[in-house]
Structures are given as C-alpha cells and as structure tokens.
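Quick notes on the structure that follows.
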Amino acid sequence: MEWVSVRMRASLRGRHVSGAERIVRQEDIPSTLCELIKRPKTYDQLHLTVERLKDVEIFRANLKISSYTFEDVNEARDFAVQVLSKSGVSEDLARKAVNLIRSGASPEGWNMRGAVLMDINTGERLEEDPYRGVRTVRVDWLKREEVSRYLTSQGYTLRTVDALAIATKNIFCGVLAELCWSDDPNYVTGYVASSKMGYVRISPLKREGDPLGGRVYFVKKEELRKVVECLERKALLLDL
Ligand code: PML
C-alpha cells in the first residue's frame, strides 16, 4: 500500500514558528496540504514537502499516559527532573536539560528547529547542527481521526496527539528519555517520556507568554548514528 509523507514547516524572520506532518494516502494529499497550510498563524516562509514513502512499519503505541499539575513552574520542573531521574538520567543532567530549554538551546539563545541530543552518560551535546538539532519525522497515527477523537474525549489535547506520536517514535528509535515543552507562548503543558515512566504530562513547565520551548533527547553516544538515522528516516505509522 502506498503512503505519502506531507510535511509543513514555517518560519518568520529566519526563526522556526510551526511544523507538522501527516502520513496519508495519495488521494488525501490535497486536503492535507490545505489543512497544514492553515496551521501557522504568522510566517514569511512556508515549506511543504510531499514525499512517497517506501517502507512503512506499523507499530502499536504502548506508552501509558499520566498527567500532573503543579502550583508553579519551579515545582513542575523539579517534578520533571524526578521523572527523568527515574528514567535513568542523573539529576545533574536532567537539570541541565531543563536549563537548556528554559534559556533557548540554540547558540543565539533561541529555540532550536529540532531537538538537542544529549549523551545520557556525560551530558555532551551530540547534535551536528546546534541551530537545527535533530527532527523526528516520518511518523503519524494510522487512524489519526479516531485517535484524536479518543484522546480529546479523555481530556487530552490535539497537541498531545502529535507529541505522543513523536515520543513513541523516539523511544522506538532508541531515545532513552525525553524532556519537552512547547514553544507556543500559550501552551504551558510539557512532558517527560521514557519506556519505564511512559508519557508523563506535566503542567506548567513554563509561564504563560514565554516563547521558549524545545526538546532534549537523552541517548547513548555509541548509538548516535543508528538513533538519528531512525528518527529522521524510518517511516512509522502508529496504531493505538
Ligand atoms: C501535552 O499536552 O500532552 C504536551 C504536549 C507538548 C507539545 C509540545 C509541542 O507543542 O510541540
């Protein structure tokens, strides 16, 4: 069966503002393009990629979801550090990851387009391009509408739908733990994900109005090449 990856990324004055992906059938390409083109609120450049995929693996998503809400950002970030520790990340490196996202992980102190890759043993940053980082692409839900309906009926958001897909692929590819919160100034819920702890939603990981956000993936340095190849090239459709 033929599948096509449709990807959108938009930027404003050279800075990434929005990105999304769908894996769809040939006949759904036009409606998907129309949907994705409407997503960024503002941009001066928008790139669309339509790519035929050769080998698509179907994989059952298996991360348990849990949610925790705190009075303030510091408590929530401390909890994220604890969840990362339980996932095998030292407390020092977990704090380093929080501080990187908090202050903008790119060399100019702004959001990266993709994720930081951090050696889980030493804290060394491993991404080749510190502005771009690594991007988890070629992943979607096999039955996106059904999954969206189900998760939103359980009180989760459409952002959860997308982030859960990314987190699931990351773990599939060998990411040992992930910390993420959004760069959307109005979305303050983030998460820690690992195979041991599942998908742990944590709120608020930042203050309302804060435009900084991003992702840190903890990996083993010796597995770097294999993990990056999988994150960027392997096509995965997730079943719930
Ligand atoms: C959630 O609500 O489940 C957390 C979603 C984080 C979204 C991060 C992003 O916007 O990329």
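Every read-out reported here was derived from the displayed coordinates using simple, explicitly stated rules and does not represent laboratory data. Because the structure is predicted, anything quoted here is derived from the model rather than measured. Methodologically, a virtual Cβ is constructed for each residue, glycine included, from the backbone with ideal geometry; neighbour enumeration extends over all protein chains shown.
What spacing in nm lies between the two simple spin-label points modelled at E223 and E51, each 7 Å away from Cα in the Cβ direction?
2.3
Shape verdict for segment 1-130, please, from the Cα gyration tensor: rounded (a/c under 1.5), prolate (a/b greater than b/c) or oblate. Before the final figure, lay out each step's value.
Numbers: a/c = 2.00, a/b = 1.57, b/c = 1.27.
Because a/c hits 1.5 or more and a/b exceeds b/c, segment 1-130 counts as prolate.
Taking the Cα-to-Cβ direction at R233 and at D119 and moving 7 Å from each Cα, how far apart do the two end points lie in nm?
It is 2.4 nm.
Test of understanding: ordering Y150, Y191 by Cβ neighbours within 10 Å, fewest first, what list do you get? Provide the component values of the computation, followed by the final result.
Numbers: Y150 13, Y191 30.
Placing the least packed residue first, the sequence is Y150, Y191.
Rank T189, T42, T69 by mean-square fluctuation in a GNM of the chain with C-alpha springs under 10 angstrom and give only the top-ranked residue.
Looking only at T189, T42, T69, the largest GNM fluctuation is found for T42.
Given R₀ = 22 Å, FRET efficiency for K41-Y68 by Cβ-Cβ distance, to 0.05?
Details: r = 29 Å, r/R0 = 1.32.
The value I calculate is 0.15.
Determine the gain in length on full extension of the stretch R25-R207; use 0.36 nm per residue of separation and subtract their C-alpha separation, reporting nm with one decimal. Mind showing how you got there, number by number?
Values: separation 182, 0.36 × 182 = 65.52 nm, distance 3.94 nm.
Length gained, R25 through R207: 61.6 nm.
Could you compute the FRET efficiency for D78 and T152, with r as their C-beta to C-beta distance and R0 at 30 Å, rounded to 0.05? Write out the running numbers ahead of the final one.
On the way: r = 29 Å, r/R0 = 0.97.
For R0 = 30 Å, the calculated efficiency reads 0.55.
Taking the Cα atoms only, what angle lies between the long axis of helix 144-153 and the longest principal axis of the chain, rounded to 10 degrees?
The angle comes out at about 50 degrees.
If you plug each phi of segment 213-222 into the Karplus form 6.51 cos²θ - 1.76 cosθ + 1.60 with θ = phi - 60°, what whole-Hz ³J(HN,Hα) values come out, in order, with x for Gly and Pro?
Residue by residue, segment 213-222 yields x, x, 9, 10, 9, 8, 9, 8, 3, 5 Hz.
Give the lysines reachable from K226 as a straight Cα distance under 22 Å; neighbours fewer than 8 places away on the same chain don't count.
K54, K169, K196, K234
Taking a cut-off of 20 Å between Cα atoms, list the lysines near K96, but don't count ones fewer than 8 places away on the same chain.
Cα-Cα hits under 20 Å: K86, K206, K220, K221.
So for segment 73-196, Kirkwood radius off the Cα pairs, Stokes-Einstein at 4 °C and 1.567 mPa s: how many µm² s⁻¹?
Values: Rh = 15.4 Å.
Estimated diffusion coefficient is 84 µm²/s.
Post the alpha-carbon centroid distance, segment 169-188 to segment 32-72, in whole angstrom.
12
Non-local amide H neighbours of L142 (under 5 Å, H modeled in plane, Pro and chain starts lacking H): which ones?
L238, D239
Net charge near L126: determine it from the other residues with C-beta under 12 Å of the C-beta of L126, scoring Lys and Arg +1 and Asp and Glu -1. Numbers along the way, then the final one.
Values: positive: R125, K220, K221, R225; negative: D119, E124, E127, E128, D129, E222, E223.
Charge balance near L126 sits at -3.
For the chain, what is the relative contact order in percent, using Cα pairs closer than 8 Å and at least 6 residues apart in sequence? Please list the in-between numbers first.
Details: 497 pairs, mean separation 59.5, N = 240.
Dividing the mean separation by the residue count of the chain yields 25 percent.
Given a cut-off of under 8 Å on Cα pairs at least six residues apart, what relative contact order in percent is computed for segment 1-108?
Values: 115 pairs, mean separation 25.9, N = 108.
Value for segment 1-108: 24 percent.
May I ask for the net charge around A20, where only other residues with Cβ less than 11 Å from the Cβ of A20 are counted and Lys, Arg are +1 while Asp, Glu are -1? Show your work: numbers first, answer last.
Numbers: positive: R7, R9, R22, K38, R39, R159; negative: E21, E35, D140, D162.
Combined, the nearby Lys, Arg, Asp and Glu give +2.
Which percent, to the nearest 5, of DSSP beta bridges fully inside segment 94-240 are antiparallel? Walk me through the numbers before you get to the answer.
Working: 16 of 23 bridges.
In segment 94-240, DSSP labels about 70 percent of beta bridges as antiparallel.
Classify the chain from the C-alpha gyration tensor, please: rounded if a/c falls under 1.5, else prolate or oblate depending on whether a/b exceeds b/c.
Details: a/c = 1.38, a/b = 1.33, b/c = 1.04.
Rounded, since a/c falls under 1.5.
Got the relative contact order for segment 145-240 handy, in percent, Cα pairs under 8 Å and 6 or more residues apart?
Working: 127 pairs, mean separation 24.9, N = 96.
Worked out over segment 145-240, it gives 26 percent.
What length, rounded to one decimal in nm, is gained on full extension from F59 through to L33, with 0.36 nm per residue of separation minus their alpha-carbon distance? Mind dumping the intermediate values first?
Values: separation 26, 0.36 × 26 = 9.36 nm, distance 2.50 nm.
Computed gain between F59 and L33 is 6.9 nm.
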